[in-house]
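The values are calculated or read from the model by the stated rules, or taken from the named source; none is laboratory data. Only a predicted model underlies this, so the values are computations on that prediction, with no experimental measurement involved. Note that we place each Cβ from the backbone using ideal geometry, even for glycine, and neighbour counts take in every protein chain shown.
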């Protein structure tokens, strides 16, 4: 018999009870946990959960010893981890570095793994390698490691609200430097957002926390610390994925790695040496580390520990904040309505003057923008945990009662994926909507649904610092600049070391309100008076020695504080007490344990930390919990609490408990409990309002102010290439395969696979943008028409805007092939230009007449798609200069093709399924009209390079996030099948990985099953495995498709099955020509009307149309092409 233990329910006799054999060895199932009678409402304990049947945990198969290392994207490993989550679901195994990891990505599982009594932070993989550089710093210390605990307790006050407020002026200095740099850039300069925000945040943490100035805005290149840090983090990640033995092999990468570590340590040592040689009384992080003592052990930090934590804060204090700011700018520029709202709020709150500290709490929408950015693009996308090595005594350890976890199991919490859980954030969870993060909605989120700052006691200690800095920076920037994308076609790409940030994201800035850089400098010059440290106000125990204390009543102020905020409030109240006729004594709340004064008012000011009391209030809280009589009788008390409502389940827990318990123990409440919420406003203002409006009035006439409060302070006031030329954001892909899918007697359709650039990622429904070249035959025709030899070179000069390459020599063949559209139909302007070059007056008149006769122009030029080259070939005697001809031609443009694959099949490549346009020319019966892009693609061979980019789908044309609950109805004809092949390939990968899928139907139309039924073997396999139910329509063989020739006919034929899916929250997708789109739309309306008539409702056309229009993209999405 083994003793089952329940960590959720209270347990008598040491918390164990021998009641059943271990479930792993017994077929018996308990009815309930024997401790459940003591359970909190709604609690579900691991013991009770064992009633569920254990489930195997899926995962990608790996190789012996090396595991899944060869599955990983070495540049952006996060892409692989997210891709496996899409395929295998909310829990899967991943073997890396000789260790098996459990990857969790749903809120349900991650919420459970955030229970700090059961699970603790794990320093493993790449993070463990970071210890090579920062040792047992705050970010990398092991659970239970002594140095971590000492440093944590010493440094928490340095990041308390009071300390952060005192850093405001220095933050303003850095934000102003950034603004002035951007103001002085030449008009239209592209700004590397990630680079400049990195300069800003590195300089800010160095100045505010350590008193050092890196002056990054005054040098062309970033501080060398940044390069060393980036290389160090990247190599740490690489080392974390290798087998340990491989990291012991001397390599050039290893040598550079340790050189980077030495450099970072030297930077930290230099700052430490400078401070020791030039000491200051500044209350910053560095002085806290040099002078601080652990309140528990009395120990200080060694120089080695100081250096480790200096490097930690230089890295963590700037890398994540710069990434968040860059992601925020990208999100705002991609969402104009949101951009407008944030700028309007900043204008309303801050006006045109300098930003002040008091402005920041009022920027509610700006805060929501930051929260939403951190939800979708948290720079720290994962958290590593493991079963708690000391506190977790479960046997077995289970997740959700059905997944067995090893005692030393490594667990990766994929926070980035959890932040898009549709069960929490809805079917639009992947969309940027700050409104969902406004205070009211944000406060409704369940516990642990928003985790960008880490978890519990190991959460980011610098969160208040980062939050104040980010709000300030956004306020300064949007107050003074308008921003726009340097490249409107830019699609977000990620660069990853241990954090993530945008890659190659450029934007442009323009001063607002007609300002010049000089005006801006004047406007920014106001600054903000540094906050006064009230704890240095010359008070000792809250007493004032310059007045007669003998006539004053006693007052007792007790504080519970880890960060120093509540202590500062206590001292502030003590300073005011003298002017109200009281002699105040200040002490920690533990000082009142079993010793509550009764000869004067008692004020308790305390906070909660994850629902637990502050370190210097724990004894008092334990004491009052144990009291059962009238221990507080005769005590006149009041309570003021500090908290942060992001932690909704524990918000103000300790102040509430203290207030309630003192009342139950016989205390007399002077006034209602006060609250300060760090997330909702300025806590200092909240406290002041409560003191003046509630506390002092509660004491009556005895507390009337005798004289103005004095602080006791004396203050002196002191005044490339083709894509670049064409303006396209493209990169180079490589052709893997190109094959024909159809027989020779039907229009040609082909399959093309392209290896993508490493930074690209996509999802089913997205497009691949391709930059084609003209057909060789068309280029030769143009060369002949203008008598250009095959090796002719051209040099173009112009003072006019152009997308042609200028002031450089380029071959005529390359220019005509790659930079201009030779097949574009001629315009009236083109004909006028040609006529101007014509010496034959009669012909000239005829050309001008053609240009000005709309019907004739349409008939002879537009409908047959006659190009300028076609027209000039008809009249060889007209001598048009090559420059004039090039001026007629539009620049080569990209073409977008629906991607017909899923990244779950191969994230490194994508496929296109396309029709080749090869029809008789209406302009010349002896030639073919060849589609520029489709024929370009069909000519590509394995190994050829092609200029491409990923373009995201819009209009709701993507798979639903909740794959188990939303059925799909897909309708396509011909190459319109492309996106649905990607959809179903994704579903098949998920199905084979054991995922539960909602049903899906595909209606597909083509000519004949043996001629152009695309990918028949694939769809047969996918149908057999349950990924899709395919219904065909063959126009040349309707007898093989239920008599249906077209997809709309088959949709009508099988309408009962389709309607059943649709009524079960299904979504309709249509892809094909505009004719297909219209036919399917009409058929859907017909089916709806037919259903209504069967129910006795006779609907008119307007009612049916209104129903269809109300469906919206959430229920009916189309991708129609010409």
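From the list 960, 967, 979, the one residue that fits, being in contact with a helix residue (DSSP H, G or I) (Cβ under 9 Å, 6 or more places away or on another chain) and surrounded by 19 or more Cβ atoms within 10 Å (Cβ to Cβ), is 967. The set of residues in segment 293-330 being surrounded by fewer than 21 Cβ atoms within 10 Å (Cβ to Cβ) and in a loop (DSSP other than H, G, I, E, B) consists of 293, 294, 295, 296, 297, 298, 299, 300, 302. Could you please give the count of residues in segment 656-694 that are at pLDDT 90 or above and closer than 22 Å to residue 467 by Cβ? Residues flagged as at pLDDT 90 or above and closer than 22 Å to residue 467 by Cβ within segment 656-694 amount to 1. When residues in segment 778-805 are screened for being over 40 Å from the mean Cα position of the chain (by Cα) and surrounded by 13 or more Cβ atoms within 10 Å (Cβ to Cβ), 13 of them pass. Quick check on residue 987: is it under 30 Å from the mean Cα position of the chain (by Cα), under 19 Å from residue 742 (Cβ atoms) and surrounded by 21 or more Cβ atoms within 10 Å (Cβ to Cβ)? When the stated conditions are applied, residue 987 does not pass them.
Kindly evaluate residue 452 against the criterion of being buried (at least 18 other Cβ atoms within 10 Å of the Cβ) and under 17 Å from the mean Cα position of the chain (by Cα). Yes; evaluated as a whole, the condition is true for this residue.
Is there a residue being within 29 Å of residue 447 (Cα to Cα) and surrounded by fewer than 24 Cβ atoms within 10 Å (Cβ to Cβ) anywhere in segment 631-644? Yes, segment 631-644 contains a residue that is within 29 Å of residue 447 (Cα to Cα) and surrounded by fewer than 24 Cβ atoms within 10 Å (Cβ to Cβ).
Among the listed residues 333, 286, identify the single one that is closer than 15 Å to residue 212 by Cβ, assigned by TED's automatic domain parsing to the domain that holds residue 194, touching a helix residue (DSSP H, G or I) at 6+ places or on another chain (Cβ under 7 Å) and surrounded by 15 or more Cβ atoms within 10 Å (Cβ to Cβ).
Values: 333 fails: closer than 15 Å to residue 212 by Cβ.
Only one candidate passes the filter, namely 286.
What's the number of the condition residue 633 fails, among (1) modelled with pLDDT under 90; (2) outside any helix (DSSP H, G or I)? Here residue 633 clears every test but (1). Could you please give the count of residues in segment 736-759 that are in contact with a helix residue (DSSP H, G or I) (Cβ under 9 Å, 6 or more places away or on another chain) and in a strand (DSSP E or B)? So the count comes out to 5. Here is the figure for segment 996-1019: residues that are part of a helix (DSSP H, G or I) and touching a strand residue (DSSP E or B) at 6+ places or on another chain (Cβ under 8 Å) total 1.
Would you please name the residue that is nearest to residue 993 (Cα to Cα), looking only at residues in segment 1032-1061 that are crowded, with 22+ Cβ neighbours inside 10 Å and touching a strand residue (DSSP E or B) at 6+ places or on another chain (Cβ under 7 Å)? Spell out the reasoning first.
As a first pass, look at segment 1032-1061 and keep what is crowded, with 22+ Cβ neighbours inside 10 Å: 1033-1034, 1041, 1044, 1047-1048, 1050-1051, 1058.
The next check asks that each one be touching a strand residue (DSSP E or B) at 6+ places or on another chain (Cβ under 7 Å); those that pass are 1033-1034, 1041, 1044, 1047, 1050-1051, 1058.
Numbers: 1033: 31, 1034: 33, 1041: 32, 1044: 35, 1047: 31, 1050: 32, 1051: 31, 1058: 27 Å.
So the residue we want is 1058.
Matching residues to (1) over 20 Å from residue 286 (Cα atoms); (2) at pLDDT 95 or above; (3) touching a strand residue (DSSP E or B) at 6+ places or on another chain (Cβ under 7 Å):
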position	(1), (2), (3)
137	no, no, no
165	no, no, no
190	yes, no, yes
199	yes, no, no
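Within segment 982-995, being in a loop (DSSP other than H, G, I, E, B) and touching a helix residue (DSSP H, G or I) at 6+ places or on another chain (Cβ under 6 Å) holds for one residue alone: 993.
Show me the helices (runs of 4 or more DSSP H) found entirely inside segment 840-945 where at least 1 residues are within 23 Å of residue 819 (Cα to Cα).
On the way: elements: 841-852, 854-857, 868-874, 882-888, 932-939.
Fully inside segment 840-945 and qualifying: 868-874, 882-888, 932-939.
Right, residue 267: at pLDDT below 90, farther than 20 Å from residue 123 by Cβ and surrounded by 13 or more Cβ atoms within 10 Å (Cβ to Cβ) or not?
On the way: at pLDDT below 90: no; farther than 20 Å from residue 123 by Cβ: yes; surrounded by 13 or more Cβ atoms within 10 Å (Cβ to Cβ): yes.
No, not satisfied.
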